[in-house]
Amino acid sequence: MIFAALVAMTLIGCGKAEPETPIVPEMSDYKGTVTVMYKGEPFDNENIQVNFTPSEDGKTASIVIYQIRFVPQMPVTIDVTIPNVAVQSTTEKILLSCERTIPLAMGGEFPRYTVTGLKGEIVGKEMSFSLNFGDSPTSFQGQAQL
C-alpha cells in the first residue's frame, strides 16, 4: 500500500509542467517589403534589408531599414535607424512598440520624420511592423535571413 502511494506521488510529481520561458530576442536580419503610403497610394520598396538589434537587457531594440526610398521620385536611397523600440517577449512571439522616437539617418537626427505609433512582432522567422514616419504611414513584412 505504501509502495503504491509512493509510485502515485512520483507519477504526479513527473507530471508538473515546466514554466515556459519567453523567447530571447536576438540580433537578426530580415528581407522583405517596405510599403509607404504616398499621396494615398502604396509605394512598395521590395527586397529591403532590415536589421533588428536588441539591447543587452533585451528590453529595447533598434531597427535599421537599409536602402529605402520614401517616395518614387526620391533620387537616392538611405539607411534609417529607429532607436528605442520597446521589446516584450512571450513564449510565442516578440512584441515591438514605440509611441514616439526620432529616427537617425545620414549621420544625424531627423525630427521632421519622427516615428510614431510603431507596433509589430516577430513570430518564428517573420517580422512585421507598422509606423508613421512623420505623416507617412509605413509598414514592413519580411523573413529572417540565415
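The values are calculated or read from the model by the stated rules, or taken from the named source; none is laboratory data. None of the values given here were measured: they were computed from a predicted structure. In this analysis, Cβ positions are derived from the backbone assuming ideal geometry, glycine residues included, and neighbour counts consider all displayed protein chains. Heads up: the accessible areas ignore ligands, DNA and RNA and are worked out on the full protein's heavy atoms, side chains in. Shrake-Rupley method; radii C 1.70, N 1.55, O 1.52, S 1.80 Å.
When VAL80 is tested against (1) at pLDDT 95 or above; (2) under 24 Å from THR21 (Cα atoms), exactly one condition is not met: (2). Against the conditions (1) in contact with a Leu (Cβ under 9 Å, 6 or more places away or on another chain); (2) modelled with pLDDT under 95, SER136 satisfies every one except (1). Of all residues in the stretch 41-76, those satisfying the criterion of being polar (S, T, N, Q) and open to solvent by less than 80 Å² (accessible area, probe 1.4 Å) are ASN45, GLN49, ASN51, THR53, SER55, THR60, SER62. Of all residues in the stretch 119-128, exactly one satisfies the criterion of being touching a Ser or Thr at 6+ places or on another chain (Cβ under 7 Å) and closer than 16 Å to THR33 by Cβ, namely GLY120.
Looking for something of a type in the set (Ser, Thr, Tyr), over 11 Å from the mean Cα position of the chain (by Cα) and outside any strand (DSSP E or B) - is there at least one such residue anywhere in the stretch 82-96? Yes, some residue in the stretch 82-96 is of a type in the set (Ser, Thr, Tyr), over 11 Å from the mean Cα position of the chain (by Cα) and outside any strand (DSSP E or B). Scanning the stretch 82-119 for residues that are on the phi > 0 side of the Ramachandran plot and open to solvent by less than 40 Å² (accessible area, probe 1.4 Å) yields a single hit, GLY117.
Return the pair list, or none, for Cβ contacts closer than 9 Å from residues in the stretch 98-123 that are at pLDDT 95 or above to residues that are in a helix (DSSP H, G or I) and of a type in the set (Ser, Thr, Tyr), at least 6 apart or on different chains. Listed pairs, sorted by first residue: ILE102/TYR113; PRO103/TYR113; ALA105/TYR113.
The set of residues in the stretch 39-72 being modelled with pLDDT of 95 or more, closer than 16 Å to LEU104 by Cβ and either of a type in the set (S, T, N, Q) or not in a strand (DSSP E or B) (or both) consists of ASN51, THR53, SER55, THR60, SER62, GLN67. Suppose we keep only residues that are closer than 18 Å to ILE48 by Cα and of a type in the set (Ser, Thr, Tyr) within the stretch 59-81. Which one would you say is nearest to the chain's Cα centre (by Cα)? Among residues in the stretch 59-81 that are closer than 18 Å to ILE48 by Cα and of a type in the set (Ser, Thr, Tyr), the one nearest to the chain's Cα centre (by Cα) is SER62.
Inspect all residues belonging to the stretch 85-98 and state whether any of them is under 16 Å from THR35 (Cα atoms) and among the polar types (S, T, N, Q). No - not one qualifying residue is present in the stretch 85-98.
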